[in-house]
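A.B. asks: One structure follows; several queries about it will come next.
Each value in this text was obtained by applying a stated rule to the coordinates, not by laboratory testing. All values reported here derive from a predicted model rather than from experimental measurement. Note: ideal-geometry Cβ built from the backbone for every residue, glycine included; neighbour counts use all protein chains shown.
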Amino acid sequence: MRLKDRVAVITGAANGIGLATARKFADEGAILVLCDVQQEALDRALAGLLPRSPQSSAHRVDVTKRAEVDAMVQAVLARHGRIDVLVNNAGITRDARLQKMTEEQFDQVIDVNLKGVFHCTQAVVGPMLERGSGVILNASSVVGLYGNFGQTNYAATKAGVIGFTRTWARELGPKGIRVNAVCPGFIATDILSTIPEKVLERMRESCWLHRLGQPEEIANIYAFLASDEASYVNGVALEASGGMSL
Ligand code: NAD
């Protein structure tokens with residue numbers, strides 16, 4: 001119960017790593033605020049979590065829309081009086097090689113993966129500063145560290161998230177708020193659904209565990225970083241890729 005009664009906002013919580021993180025946080029005693037654009041998946045996620053965490057709630061929030069983010073934060077503060085943890089997990093891909101990437105593909109990924117993280121963090125940081133405590137966790141990627149074929153837009157956002165993390169760790173650390181990023185390798189979720197099997201096989205071989213990661217393996221890291229066990233960890237971009245960089 002490392003997160004007992006902590007109020008944790010998770011974006012992109014209806015599927016994949018976000019949902020696994022919500023489940024793990026619920027097991028650790030947290031009160032979940034699930035945010036996503038997919039209403040049906042969100043309802044399913046909440047229904048599954050309520051037995052473990054009865055005070056949890058779900059909010060249809062598009063992280064690219066500042067007004068929706070602000071409304072969610074106001075609703076959470078009205079109900080719980082605080083936000084202890086923010087997991088900036090929502091993310092999308094719109095892959096194409098540099099010469100074929102459209103401006104729309106570029107802008108969509110920047111809006112969700114980068115601007116969405118900015119919106120959500122700016123919206124929760126005021127209440128966290130008032131209390132002098134909080135944890136912000138950002139979803140980066142190995143692609144933000146090493147780049148990836150066909151992912152100009154995505155790689156830029158995931159590298160940008162590391163820039164956010166290191167900047168906010170400096171700005172907010174002295175005020176009691178820790179900020180860290182996680183850089184997963186290739187994790188078996190819907191985000192990989194458009195990747196051909198041949199490429200997936202190369203992904204498996206690219207790391208020294210020779211397999212894809214599971215969402216729960218990333219959720220465990222978020223739970224550690226959100227907890228007091230990580231009380232001296234600030235400003236890191238923690239790679240969890242089965243040893244891709246070796
Ligand atoms: P996923 O596609 O399974 O889940 C992403 C969730 O984000 C979805 O539920 C989606 O509806 C939600 N979402 C999308 N746009 C949104 C918006 N505008 N506002 C709110 N929610 C929105 O993806 P995943 O694999 O679980 O990825 C989660 C995060 O981890 C992403 O930031 C992704 O970039 C990152 N990541 C994933 C992998 C991987 O291999 N799966 C690797 C590295 C990093």
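A.B. asks: Amide H of V7: which non-local residues (sequence gap of 5 or more, or other chain) have their own amide H closer than 5 Å, using H built in the peptide plane?
C.D. replies: Correct list: I31, D84, V85.
A.B. asks: With the convex hull built on the Cα atoms of the chain, state its orientation-averaged projected area in nm². Before the final figure, lay out each step's value.
C.D. replies: Numbers: hull surface 50.6 nm².
Mean shadow area of the hull around the Cα atoms is 12.6 nm².
A.B. asks: Helix 215-226 versus the longest principal axis of the chain: what angle, 0 to 90°, nearest 10, using Cα atoms?
C.D. replies: For 215-226 against the chain, the angle is about 40 degrees.
A.B. asks: Further question: From the backbone phi of segment 130-142, what are the Karplus-calculated ³J(HN,Hα) couplings (6.51 cos²θ - 1.76 cosθ + 1.60, θ = phi - 60°) in whole Hz, Gly and Pro given as x?
C.D. replies: 4, 8, x, 7, x, 9, 10, 10, 10, 7, 9, 5, 4
A.B. asks: Measure of size requested: the Rg and Dmax of segment 1-40, with Cα atoms as the atom set and Å as the unit; please supply both.
C.D. replies: Final numbers for Rg and Dmax: 9.8, 30 Å.
A.B. asks: What lysines could a cross-link reach from K198, if we take a straight Cα to Cα line under 26 Å and drop same-chain neighbours fewer than 8 places away?
C.D. replies: K100, K158
A.B. asks: Just want the ordering: H59, H119, from fewest to most Cβ atoms lying within 10 Å of their own Cβ. Kindly include the intermediate steps, with their values, before the conclusion.
C.D. replies: On the way: H59 20, H119 23.
Ordered by Cβ neighbours within 10 Å, fewest first: H59, H119.
A.B. asks: Skipping prolines and chain starts, which residues have an amide H placed within reach, meaning under 5 Å, of the one on S141, given they are 5 or more residues away or on another chain?
C.D. replies: Residues meeting the amide H criterion: none.
A.B. asks: Can you put F224, F186, F149 in order of Cβ neighbours within 10 angstrom, beginning with the fewest? Write out the running numbers ahead of the final one.
C.D. replies: Details: F224 17, F186 25, F149 11.
So the ranking, lowest neighbour count to highest, is F149, F224, F186.
A.B. asks: 5 Å is the cut-off here: which amide hydrogens, built 1.01 Å from N in the peptide plane, fall below it relative to G243, excluding neighbours closer than 5 in sequence?
C.D. replies: W208
A.B. asks: Rounding to the nearest 10 and keeping the result within 0 to 90°, find how far the Cα-based axis of helix 39-49 lies from the longest principal axis of the chain.
C.D. replies: 60
A.B. asks: Would you work out the charge dipole size for the chain about its Cα centre, treating the Cβ of every Lys and Arg as +1 and the Cβ of every Asp and Glu as -1, and quote it to the nearest 20 debye? Walk me through the numbers on the way to the answer.
C.D. replies: Details: 26 positive and 26 negative charges, 71 e Å.
Dipole about the Cα centre, nearest 20: 340 debye.
A.B. asks: Oh, and also: Per residue of segment 163-175, in order, report the coupling 6.51 cos²θ - 1.76 cosθ + 1.60 (Karplus, θ = phi - 60°) as ³J(HN,Hα) in whole Hz, putting x for Gly and Pro.
C.D. replies: After applying 6.51 cos²θ - 1.76 cosθ + 1.60, I find x, 4, 4, 6, 5, 5, 4, 6, 6, 9, x, x, 9 Hz.
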